[in-house]
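The values are calculated or read from the model by the stated rules, or taken from the named source; none is laboratory data. In this text, all values refer to a predicted model and were calculated from it rather than measured experimentally. Cβ: placed from backbone, ideal geometry, glycine included. Neighbour counts: every protein chain shown. Areas reflect the complete protein model, heavy atoms only, side chains present, ligands, DNA and RNA absent. Shrake-Rupley method; radii C 1.70, N 1.55, O 1.52, S 1.80 Å.
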Amino acid sequence: MSAALAAATTSTGEAFQFWVLGTVAVIGALCTILMRKAVHSALCLAGTMIILAVFYLANGAYFLGIVQIVVYTGAIMMLFLFVVMLVGVTAADSLTETIKGQRWWAAVCGLGFGILLCAGIGNASLKEFTGLGAANSAQGGNVEGLAALVFTKYVFAFEITGALLITAAVGAMVLTHRERTEKARTQRELSEQRVRRGTQVPPLPAPGVYARHNAVDVAGLLPDGTPAELTVMQTLRKRGQVRDVSQEALADLKALEQRAAERLGRDRDEEEAAR
């Protein structure tokens, strides 16, 4: 009687863990569908899956917890993340609605799935499952019985899932690989082309502000302090990933000139005093 009562009650630590991690999991799930960038959505979904694995481990389902981390979070989600990063899905691509009314259909399907999930959980909490103990003890335990099902009855489904993951990885490599259809131009040919056009005879200036920044997203400064447009590639400029540090650079330069002038003035006063 005491063992059954202990199994039915929840301790303070378990309740604290559930409410804290459950809140974080719900926030991660909401960020998965609300984030504008696909990479951020994938990271939020990976965090939610890790929290679910912690719930499994806390409830004693060690096998499910490890599978949740290794298979779902470690393999599927990371594969999806790498595919997104390799293909280069941007916020503009993810917001483009290719099928008319797909957001409304997605909302209806999500609502229907939520109703089915609530009905299933309610049915499981109100009824008792008969034969569950016998099924778990048939192969010597829950883990042994699950392994027997995976590697005997559902072995083809398991192998097909692995083949799908490998196909996804190969597809990502194929999509990111670009076959060159023409011969690459040499430096001499590129320089001759610039001279013929007369638009930009010397090579494009390198990024960076007075050699203190060498990042590709930092524009260089002209002698008057304005940023040079040619120092940053147009792809980063269209994405809005250019850091504007011109005002900061001018402020630092002004402070440096002021310190230099003060030091030169002190040196001049010291020389006059010495004479």
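Summary of computed values
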item: Number of the condition not met by Gly171 [criteria: (1) modelled with pLDDT under 75; (2) over 30 Å from Lys254 (Cβ atoms); (3) not aromatic (Phe, Trp, Tyr)]; result: (1)
item: Residue satisfying all of: in segment 219-234; of a type in the set (A, V, I, L, M) and in contact with a Ser or Thr (Cβ under 8 Å, 6 or more places away or on another chain); modelled with the lowest pLDDT among these; result: Leu221
item: Residues located in segment 41-74, provided they are open to solvent by 40 Å² or more (accessible area, probe 1.4 Å) and within 14 Å of the chain's Cα centre (by Cα); result: Leu43, Leu45, Gly74
